[in-house]
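To start, the structure under review is shown below, and the notes come after it.
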2 protein chains.
Amino acid sequence: MESLEELKGRIEALRSLFSDVKLMTDDETPAETASSFSSTMSDEVKDSNPYSRLMALKRMGIVQNYEKIRDYTVAIVGVGGVGSVTAEMLTRCGIGKLLLFDYDKVELANMNRMFYMPQQAGTYKVEAAAKTLNFINPTVDIKSFNMNITTVENYETFQKELLHGSLTGGRVDLVLSCVDNYEGRMTINQACNELGLPWFESGVSENAVSGHIQFINPGETACFACAPPLIVASSVDEKTLKKDGVCAASLPTTMAIVAGFLVQNVLKKLLNFGEVSHYLGYNAMKDHFPRMKLLPNTSCSDTNCIKQQEEYKEKVANQVVDESLKVSEKESAVVHEDNIYGIELVHDGAASKDDDYSAGDGVKYSLPQTSSNVEGPVVSDTNQSVDDLRNVMNNLNNL
Amino acid sequence: MESLEELKGRIEALRSLFSDVKLMTDDETPAETASSFSSTMSDEVKDSNPYSRLMALKRMGIVQNYEKIRDYTVAIVGVGGVGSVTAEMLTRCGIGKLLLFDYDKVELANMNRMFYMPQQAGTYKVEAAAKTLNFINPTVDIKSFNMNITTVENYETFQKELLHGSLTGGRVDLVLSCVDNYEGRMTINQACNELGLPWFESGVSENAVSGHIQFINPGETACFACAPPLIVASSVDEKTLKKDGVCAASLPTTMAIVAGFLVQNVLKKLLNFGEVSHYLGYNAMKDHFPRMKLLPNTSCSDTNCIKQQEEYKEKVANQVVDESLKVSEKESAVVHEDNIYGIELVHDGAASKDDDYSAGDGVKYSLPQTSSNVEGPVVSDTNQSVDDLRNVMNNLNNL
């Protein structure tokens, strides 16, 4: 039989072992790690500064005020294959605050996508995500909502959080849709139209090899009810999909690429650098990346969209519209008046001509530049019905 | 003072607590998790099957034999911002075997990129990576090499592993370069030219907002010594860069997007679906994605490249060349004979015309299609020096 001293020794050994491994799973972040992440961003170049490579963006002339990111609040709806990676990227970038909404649990069937770990199977996604994110950067304020935003009572909470959930108790700066269903998207659309909040929609097709992101600024661009791109991208009306029993394919690659495009455009929007894409698609089979712009539908079924359109028109007339959101004259030049949705492909080659970057003098982008209507292929220009346009977009997205 | 019984009770309590949290950090994977991952891939649609969403790629008609992935071995050189995400993606996809090469340690300054966790700071990257990957999918055979491949003796080990490191003791199927320096890339290039191994090069610019991947098949495409794209992409000759003291900017978005492009093309190559891009660039500022093809330099300084070129020509003459690697006639049609590197931009819009996908009937890609030389902008066609071509590529990449 062991003596009291031996037992005490074993307790100490177990305690020490426990405190080592505890670091990875505990809700509290180890003091050592937490102290490396301060709430202000240092630009000091040293291995122990987690922000040195981000603050270097200023030295490189890409971003003027990177540390402004600490002031922003972003709401992410859906923390599955795209949303969880989106949340991790924003956390690693040092965003101020994240609001996470989801009601699913982690399953082993999710392990073919990034972020979640097998031992998290069975736990709620928002809880598992918040724990991991807090561990990655404990200075990011993570608030998780284990709920379905599409029910009437939860919708109220959702709206309230969008209005008062920021770091300063005000409106969130952006909403990101990373859900995999039609109702979720329509709910976000409704809330953002009502509140006049800018948001990004994202999606990945059921066959796992295409995806898209779309920036929606109520009143200025098409809203999700004006011309839903996901129905289009997946070639399937989502309303007809039963969620149970459906086994859509998925790949970690496509999901992470879409999350990457999403967060990159969020950074460009929030930190005011580069060009924010209005619609960016990804076709993995051909490495093809369609870009387009969707203007709002003047007969949109969402009355708040119509209201926002009117307000936006007034703002433009009064020239008080946010310059960073404004469709550039160059871009709008190729939108025909009778192209009711203003669907337009922004051609990669063409896009690279109008820039302030050092376009190669020795390089001829041999696209004709004689008239504006060949600059970007314009999708039709006559009285097409909504269904025709959906078919067109459908085909475009399948290119 | 505590009684013997009380102390025994505390030991049990600690033991139980310890075994809960131990799961996350232990080298051994919990039996429960391991049993869910079998070495054969089930296509059963259930939440506990980690492969159900991958095997669904077969049902969706994307991949014919997804389970073939279990037979492949891929070597990844460099497990930093791009390489670690690459390794995680391949692990989640259920690759057969990974060989990981690196000699760096994890630093807190790496936390602005995906994959590594703060508590791994100070540990060797290959060791930290192997542990996490083994936890994600314990059936993937991970072999890590904590070494710099550019030294003479390590180069021998590296070559030996490329020749005999596969699951069956044979050649690896692909080599992926995810290093951040010139010497590393030239070493991989040398080894692959010598052994005739196909590989992918990848890179992210110092300002964090552009990147690329490139597929190199010795003899068929330009090798890294023929026309190094990284020198070009970063506008800086890497040889002149001192690694110490340099604080390049980096973003988790760009790194994950480049890793996503890389692994997506690895999957297309190994599992024979879609089109493998020869060169795919990413410009984050404009969401611009240049694609091009680089033919080998007939006066390349690497004698093994010249040898491979001769062998490839013979193979083509004898028509025994791998059809999946062959440059399509359509593509080569626009390469001028005196464009010595065969540098060619594959135009996104143009590329999407020649496919077997349902191109939208209602859509007019209004690019002129009258002659072949406007289909994809061809970079020059006369006697340019290597330096001129480098400048051209430099400018192209900065577009």
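The values are calculated or read from the model by the stated rules, or taken from the named source; none is laboratory data. Just so you know, these numbers come straight off a predicted model, no measurement behind them. Cβ atoms come from the backbone with ideal geometry, glycine included; neighbour counts cover every protein chain shown. These area figures cover heavy atoms from the full protein model, side chains too; ligands, DNA and RNA do not enter into them. Shrake-Rupley method; radii C 1.70, N 1.55, O 1.52, S 1.80 Å.
Things worth noting here:
- Among residues of the range B:34-58, those that are in a loop (DSSP other than H, G, I, E, B), over 13 Å from B:Asn137 (Cα atoms) and either among the small types (Gly, Ala, Ser) or touching a Gly at 6+ places or on another chain (Cβ under 9 Å) (or both), counted: 3
- Among the conditions (1) at pLDDT 95 or above; (2) crowded, with 23+ Cβ neighbours inside 10 Å, A:Ala56 misses just one, which is (1).
- Total residues in the range A:274-295, condition in contact with a Leu (Cβ under 9 Å, 6 or more places away or on another chain), part of a loop (DSSP other than H, G, I, E, B) and at the interface with chain B (Cβ under 7 Å from one of its Cβ atoms): 5
- For the range A:246-258, residues that are buried (at least 24 other Cβ atoms within 10 Å of the Cβ) and either within 8 Å of another protein chain (Cβ to nearest Cβ) or in a loop (DSSP other than H, G, I, E, B) (or both) total 8.
- Filtering the range A:291-305 to residues that are open to solvent by less than 10 Å² (accessible area, probe 1.4 Å) and more than 16 Å from A:Gly196 (Cα to Cα) leaves A:Met292, A:Lys293, A:Leu294.
- In the range B:100-112, the residues that are crowded, with 24+ Cβ neighbours inside 10 Å and either in contact with a Lys or Arg (Cβ under 9 Å, 6 or more places away or on another chain) or at the interface with chain A (Cβ under 9 Å from one of its Cβ atoms) (or both): B:Leu100, B:Asp102, B:Val106, B:Asn110, B:Met111, B:Asn112
- Within the range B:133-156, tally of residues that are acidic (Asp, Glu) and in contact (Cβ under 8 Å) with a residue 40 or more places away in the chain: 1
- The numbered conditions (1) of a type outside the set (Ser, Thr, Tyr); (2) more than 9 Å from every other protein chain (Cβ to nearest Cβ); (3) touching a helix residue (DSSP H, G or I) at 6+ places or on another chain (Cβ under 8 Å); (4) crowded, with 16+ Cβ neighbours inside 10 Å are all true for A:Glu44 except (4).
- Flag for A:Ala259 being closer than 24 Å to B:Asn283 by Cβ and at pLDDT below 95: no
- Residue within the range A:50-65 that is closer than 30 Å to B:Tyr51 by Cα and of a type in the set (Lys, Arg) present: no
- Residue within the range B:73-91 that is open to solvent by 40 Å² or more (accessible area, probe 1.4 Å) and in contact with a Gly (Cβ under 9 Å, 6 or more places away or on another chain) present: no
- Whichever residue in the range A:167-193 is within 20 Å of A:Lys97 (Cα to Cα), open to solvent by 10 Å² or more (accessible area, probe 1.4 Å) and not β-branched (Val, Ile, Thr) and, among such residues, is farthest from the other protein chains (Cβ to nearest Cβ): A:Gly169
- Residue under evaluation B:Glu314, criteria (1) open to solvent by 30 Å² or more (accessible area, probe 1.4 Å); (2) within 12 Å of chain A (Cβ to nearest Cβ); (3) assigned to a helix (DSSP H, G or I), criterion not met: (2)
- Hey, A:Gly196 in contact with a strand residue (DSSP E or B) (Cβ under 7 Å, 6 or more places away or on another chain) and surrounded by fewer than 22 Cβ atoms within 10 Å (Cβ to Cβ) or not: yes
- Total residues in the range A:88-99, condition hydrophobic (A, V, I, L, M, F, W, C) and either farther than 17 Å from B:Met117 by Cα or away from chain B (no Cβ under 11 Å) (or both): 3
- Failed condition for B:Ala225, given (1) open to solvent by 10 Å² or more (accessible area, probe 1.4 Å); (2) in contact with a Lys or Arg (Cβ under 7 Å, 6 or more places away or on another chain); (3) under 19 Å from B:His278 (Cβ atoms): (2)
- Residues that are more than 13 Å from chain A (Cβ to nearest Cβ) and not hydrophobic (A, V, I, L, M, F, W, C) within the range B:126-142 comprise B:Glu127, B:Asp141, listed in sequence order.
- Residue in the range B:259-274 that is open to solvent by less than 20 Å² (accessible area, probe 1.4 Å), more than 23 Å from B:Cys223 (Cβ to Cβ) and of a type in the set (Gly, Ala, Ser) present: yes
- Out of B:Lys330, B:Lys293, sole residue that is of a type in the set (Lys, Arg) and either in contact with a helix residue (DSSP H, G or I) (Cβ under 6 Å, 6 or more places away or on another chain) or modelled with pLDDT under 50 (or both): B:Lys330
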